[in-house]
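Structure record follows, encoded as structure tokens.
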Amino acid sequence: MLQYAGFWRRLAAISLDSVLIVTLTAPVLYLIYGHNYFYWLATRLDLLNVFGVWDLLLTRALPVLALLVMWHTMGATPGKILMHCRLVDETTLGLPGKRQSVIRLLGYFVSSLPLYLGFFWIGWDKRKQGFHDKLAKTLVLHKPDDYAAQSLEELMDQVA
């Protein structure tokens, strides 16, 4: 039986991913732009505004590219891995295709309008799909650490 990853687990995963991205990019941005970048970041109102080429690459392009590559090749981001989740095609339960990954990413914009309803929808949907999952025909599954459902043979194979 499939176990779907719920709203709070998925929120924790994306929060962990965000912390990882900031931890990796902030020191580099500081080395390139100095403290003025962080002052500008704290005072800007327009989210489409960029400080420079490196800001655009490190805060927008790199995270998007990383998401697409990780979804397509591993079915998970580091946050999802830590939360024991994986992204799958809803029909085959295999890794999502390139097209699905792109549609899912574009679906993030749909999910954020209005007032992030498409993300909150995860909490109400019977298969825990956000709007972006429905558009891309993907599921996020949770594999708990509970080994009680496994047979003795499966457990022995894991040890060997």
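Looking at the range 83-94 only, could you name the residues that are in a loop (DSSP other than H, G, I, E, B) and crowded, with 18+ Cβ neighbours inside 10 Å? Lay out the reasoning, then the answer.
First, the residues of the range 83-94 that are in a loop (DSSP other than H, G, I, E, B): 83-84, 90-94.
Met83, the sole residue that qualifies.
Could you list all residues from the range 68-92 that are within 14 Å of Lys143 (Cα to Cα) and either among the aromatic types (Phe, Trp, Tyr) or free of Cβ contacts under 8 Å to residues at least 12 places away in the same chain (or both)?
Residues satisfying the conditions are Ala76, Ile81.
Pick from Leu139, Leu65, Leu113: which is out of contact with any Leu (no Cβ under 7 Å at 6 or more places or on another chain), touching a residue at least 24 places away in the same chain (Cβ under 8 Å) and of a type in the set (A, V, I, L, M, F, W, C)?
Details: Leu65 fails: touching a residue at least 24 places away in the same chain (Cβ under 8 Å); Leu113 fails: touching a residue at least 24 places away in the same chain (Cβ under 8 Å).
Checking each option against the conditions leaves just Leu139.
Would the range 143-154 turn up any residue that is touching a His at 6+ places or on another chain (Cβ under 6 Å) and at pLDDT below 95? Don't jump to the end; show me each part of the working.
If we filter the range 143-154 for residues that are touching a His at 6+ places or on another chain (Cβ under 6 Å), which is where we start, we get 143.
Of the ones still in play, those that are also at pLDDT below 95 are 143.
Yes, the range 143-154 contains at least one residue that is touching a His at 6+ places or on another chain (Cβ under 6 Å) and at pLDDT below 95.
Output the residues belonging to the range 59-92 that are farther than 17 Å from His132 by Cα and over 17 Å from the mean Cα position of the chain (by Cα).
Passing the criteria: only Thr92.
Among the residues that make up the range 55-62, is at least one of them at pLDDT 90 or above and either under 27 Å from Arg127 (Cβ atoms) or not in a loop (DSSP other than H, G, I, E, B) (or both)? Step through it out loud before you land on a result.
Taking the range 55-62 and keeping what is at pLDDT 90 or above, we get 61-62.
Adding the requirement that they be either under 27 Å from Arg127 (Cβ atoms) or not in a loop (DSSP other than H, G, I, E, B) (or both) leaves 61-62.
The answer is yes; a qualifying residue exists.
Does Ser111 satisfy the criteria of being assigned to a helix (DSSP H, G or I) and under 18 Å from Met74 (Cα atoms)?
no
Quick one: Asp133 ticks every box in (1) of a type in the set (Asp, Glu); (2) modelled with pLDDT under 95; (3) within 18 Å of Arg9 (Cβ to Cβ) bar one, so which box is it?
Only one criterion is unmet by Asp133, namely (2).
Just one of Phe109, Phe119 is surrounded by fewer than 13 Cβ atoms within 10 Å (Cβ to Cβ), in contact with a His (Cβ under 9 Å, 6 or more places away or on another chain) and not basic (Lys, Arg); which is it?
Answer to the check: Phe109.
Of the residues Ala76, Ala12, which single one is touching a strand residue (DSSP E or B) at 6+ places or on another chain (Cβ under 8 Å) and at pLDDT 95 or above? Full working, then the answer.
On the way: Ala12 fails: touching a strand residue (DSSP E or B) at 6+ places or on another chain (Cβ under 8 Å).
Ala76 is the lone residue from the list that is touching a strand residue (DSSP E or B) at 6+ places or on another chain (Cβ under 8 Å) and at pLDDT 95 or above.
The values are calculated or read from the model by the stated rules, or taken from the named source; none is laboratory data. Treat the numbers as computed from the prediction; the structure is a model and nothing was measured. Cβ sites come from the backbone with ideal geometry, for glycine too, and all protein chains shown count toward neighbours.
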